[in-house]
Amino acid sequence: MPESPADLTKTYDAVVVGSGAAGGMASHVLTSHGMKVLLLEAGKKLPIENELRSMEWPYDNPYRGELPPDRHSLTFNEYTIRRPPYGPGFEKSKHLHSYIGDSDYVKNIVVDERENPFTGTNYAWVRARCLGGKTNIWGRLSLRLSDYDFKAKDRDGFGENWPISYSDIAPYYDKVDLYLGITGVKENLPHLPDSIFQRPTKLNCAEVTLRDGLRKMGRVLTQYRAGVTTDGLKHNKYRSRCYGRGACERKGGCDIHAAFDSPTGLIYPAMDTGNLTLRTNAVVREVVVDPQTGKASGVHFIDSETKKDYTVKAKVVIVAASTLESARLLLLSKSRLYPNGLANSSGHVGHNFCEHVMGPGVAGRAKNLVGKPPTLDDGRPGGFYLPRFRNLAEKNPNFIRGYGFEGGSGSVMFPHGTDVHGFGASFKEEVRKNQGAYIGMGAFGEVLARYENYVDLDPVVKDKWGIPSLRFHYKFGDNEHKMAADMKETAQEMFEAAGFEIINVHDRVLTEGWSIHELGTARMGSDPKTSVLNQFQQSHDVKNLFVVDGSAFVNASCQNPTWTIMSLCWRSCDYLADQFGKGNL
Ligand SMILES: Cc1cc2nc3c(=O)[nH]c(=O)nc-3n(C[C@H](O)[C@H](O)[C@H](O)COP(=O)(O)OP(=O)(O)OC[C@H]3O[C@@H](n4cnc5c(N)ncnc54)[C@H](O)[C@@H]3O)c2cc1C
Ligand code: SF4
């Protein structure tokens, strides 16, 4: 898809900052309403199929898929021992990546930590600076939120309710399902509403055993609800239907784009309307404000390669740089009118930062499958999901909110979790015998949105482009630790109920940030004193400024956020286009 050059002399109807799930969706919706949109992306447009190489066999890769020796990706222990910025101490490595950058297939997609430093408390901050952002490598689990999440305060008194209900967003979840494609099975759960699913993937033998065991406990196990088109999408020529290679399971990414990614799912179709101009390598450093009107008038950006500074004008500014980068950009956009940063009269920008806590889980073996012939179990874009079961009908005495488990079983390319030792022929024999019997799952739990968990700008440290870095003030609290203890116990209890031999029970809590589901730094609300955005992700302070990514979330729930980010964004951009047409912005 060729880029047409951005015309910096004209005033665009809208400028969108960031090309991930949120920026892609904003570009799609606004251009479909006929608005002339400029999309600015800080990273490069990578030859993504060459990066992902979904058809490459491990033995065809010089490092068997691992990183080349001049690169290093941070480990759990390093996150624990070192303090940000994660640069000093790793001088031997030419490039340093977050924990997710540990494969040859993602090395150019995730950022170099040295070029993009941050400070403060420990945080495993995964960033993908390229066209499409993190959607190029995301895990595809696509879940809806429900009124158990939107109205959580009504149930337990903590935090704030969202200014919307499920009924407000449900039609937009439907639109996202139909436009992008999602696979799964209907379960009729009030706390995990169903999508409009395409053909489901199949559970394998051990997963069915677990599902049947859980039924007796009143718990549900369902097929992985993946943002993947299994039936194809007639309206999108850039995407093919899934043919079950399982390469996306390797480290995300699908080179035929059956798995949703923002460029092929949203941006290229938007460019086909003739209404979208894309400029990559454009690092936005400030939203510009008209001192007369107080409205946003455009943005300043730096060309990431030449380091030249540019300004572009627009009638509406849409920030979609991802939860933490969007908060950073608002805080960077200080002016005489807005000395605390843009859209920040409430003082809530950067605060109420929340996500999912991870770590506890279980690994086991279905003994009846040991020694059975191998089956094709990883030829699918995901295993299973076990939805939340805590604090629904009952009230847990130790913690509020809930958690779900992601998991999978069976034969995979690199056998794991088989817990066998030795070497030579007998070792290989043991691995072969056990690998198809493996089953494992790990939990994702809601981290409460608390004002005291926040980010601000570091007064000293700057990134490669001279832009002040973020500083983290963020820690899991008591509720998260108590929930994590429960995750470990219930994981074990469920595997025992299914009759699995337990190999490992994990109880360690992973570093903050590990879930890559950062949310809530510019939350929505009805009260401008305690929230940054209204229900349409429009700034309370600056009416032609919208922030359409996960920063708008009021709480994290325990469901993965991307489908909700895109559904909210679609709703907000419909409203934006309507208001724009009426001359109200
Ligand atoms: C390995 C992995 C697994 C995941 N699994 C799941 C999952 O199973 N389910 C789920 O729901 N979510 C998952 N996620 C999270 C999901 O990818 C994000 O929720 C989603 O991508 C967020 O979209 P976004 O547009 O807010 O941010 P991004 O996708 O990160 O896009 C933001 C874009 O903005 C650009 N940008 C940033 N700053 C600037 C600036 N100053 N100027 C210009 N551009 C800028 C970035 O370069 C980037 O391209 C996963 C993520 C990863 C990495
Ligand atoms: S399983 Fe489907 S979505 Fe995953 S890499 Fe293969 S074709 Fe793509």
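The values are calculated or read from the model by the stated rules, or taken from the named source; none is laboratory data. Owing to the predicted nature of the structure, the values given are computational and were not obtained by experimental measurement. In this analysis, Cβ positions are derived from the backbone assuming ideal geometry, glycine residues included, and neighbour counts consider all displayed protein chains. Note: accessible area is taken over every heavy atom of the protein model, side chains too, but ligands, DNA and RNA are not part of it. Shrake-Rupley method; radii C 1.70, N 1.55, O 1.52, S 1.80 Å.
State whether the range 94-196 is rounded, prolate or oblate according to the following rule on the C-alpha gyration tensor (a ≥ b ≥ c being the square roots of its eigenvalues): a/c under 1.5 gives rounded; otherwise a/b larger than b/c gives prolate, and the remaining case gives oblate. It is oblate, given that a/c is not under 1.5 and a/b is not larger than b/c. For the range 439-585, compute the number of Lys pairs whose alpha carbons are separated by less than 26 Å, excluding pairs fewer than 8 positions apart on the same chain. Close lysine pairs found across the range 439-585: 5. The range 485-545 and the range 240-286 have Cα centres lying 25 Å from one another. What's the center-to-center distance, using Cα atoms, between the range 561-579 and the range 1-78 in Å? Value for the Cα centre distance between the two parts: 21 Å. With all protein chains in place and ligands, DNA and RNA left out, the 1.4 Å accessible area ranks T135, T530 as T530, T135, largest first.
Evaluated at q = 0.19, 0.24 Å⁻¹, a Debye calculation over the C-alpha positions of the range 468-544 (equal weights, vacuum) places log10 I(q)/I(0) at -0.94, -1.12.
Note on the range 511-585: Cα convex hull, mean projected area over all directions, 5.3 nm².
Along the chain, counting only GluC sites (Glu not before Pro) with a DSSP assignment other than H, G, I, E or B and at most 10 other Cβ atoms inside a 10 Å radius, the longest segment between sites is 92-304. Angle check, please: helix 424-435 long axis (alpha carbons) against the longest principal axis of the chain (alpha carbons), in degrees 0 to 90, nearest 10. It is inclined by approximately 70 degrees.
If I take every Cα pair under 8 Å that is 6 or more residues apart in the range 454-585, average their sequence separation and divide by the length, what percent do I get for the relative contact order? Walk me through the numbers on the way to the answer.
Values: 138 pairs, mean separation 19.8, N = 132.
Result for the range 454-585 is 15 percent.
Between H300 and T273, what is the spin-label point distance in nm, taking each point 7 Å from the Cα along the Cα→C-beta axis? Roughly 3.1 nm, to one decimal. In this calculation the C-beta distance from L8 to F427 is compared with R0 = 60 Å, giving a FRET efficiency of 0.45. Restricting attention to the chain, close to 65% of DSSP beta bridges with both partner residues there are antiparallel.
Selection among Y310, G424, V362 by position relative to the dipole of the range 298-433 gives Y310 as farthest towards the positive end (Cβ unit charges, Cα centre). Take the convex hull of the alpha carbons in the range 355-482; its mean projected area over all directions comes to 13.7 nm². A Förster radius of 30 Å combined with the Cβ-Cβ distance from N61 to N504 puts the calculated FRET efficiency at roughly 0.60. Note on the range 197-281: lysine pairs with Cα distance below 25 Å, sequence gap of 8 or more or different chains, count 4.
Heavy-atom accessible area with a 1.4 Å probe sorts D309, D13, largest first, into D309, D13.
Using only Cα atoms, find the angle between the long axis of helix 562-581 and the longest principal axis of the chain, and express it within 0 to 90 degrees, rounded to the nearest 10. Roughly 20 degrees between the two axes. Rolling a 1.4 Å probe over the protein heavy atoms gives the range 107-261 an accessible area of 37 Å² per residue. How far is helix 166-180 tilted off the main Cα axis of the chain, in degrees rounded to 10, range 0 to 90? Approximately 80 degrees, to the nearest ten. Note on L337 and D231: their simple-model spin labels are 4.8 nm apart, each label 7 Å out from Cα toward Cβ. Put a dot 7 Å past the Cα of D578, heading toward its Cβ, do the same for L376, and the two dots end up 4.7 nm apart. When only the Cβ of Lys, Arg, Asp and Glu is charged (+1, +1, -1, -1), the dipole of the range 95-165 relative to its Cα centre reaches about 160 debye. Based on the alpha-carbon gyration tensor of the chain and its eigenvalue square roots a ≥ b ≥ c, which shape applies: rounded if a/c is under 1.5, prolate if not and a/b is larger than b/c, or oblate? Because a/c hits 1.5 or more and a/b exceeds b/c, the chain counts as prolate. Using only the C-alpha atoms of the range 271-313, find the volume of their convex hull and express it per residue in Å³. Taking only Cα atoms, the range 271-313 has a hull volume of 79 Å³ per residue. Since only S240, C205, V220 are under comparison, the one whose Cα sits farthest along the positive direction of the charge dipole of the range 185-248, derived from C-beta charges on Lys, Arg, Asp and Glu, is S240. A full extension of the chain between N368 and S32 corresponds to an added length of 115.6 nm, given 0.36 nm per residue minus the alpha carbon distance. Each eigenvalue of the Cα gyration tensor of the range 287-411, multiplied by 5 and square-rooted, gives one semi-axis; in descending order these are 48, 24, 11 Å.
Accessible area per residue for the range 1-105 is 46 Å², calculated with a 1.4 Å probe on protein heavy atoms, without ligands, DNA or RNA. With 0.36 nm allotted per residue and the present C-alpha distance subtracted, the K202-K186 stretch has 4.4 nm of extension available. Charge dipole of the chain (Cα centre as origin; +1 on each Lys and Arg Cβ, -1 on each Asp and Glu Cβ, all else neutral): 480 debye, rounded to the nearest 20. The order of D104, D541 by accessible area, most exposed first and with a 1.4 Å probe, is D541, D104. May I ask you to derive the relative contact order of the chain, considering only C-alpha pairs under 8 Å and at least 6 residues apart, and to give it as an integer percent? So the answer I get is 21 percent. For K186, the aspartates and glutamates whose Cα falls under 12 Å of its own Cα, not counting residues fewer than eight places away in the same chain, are D194.
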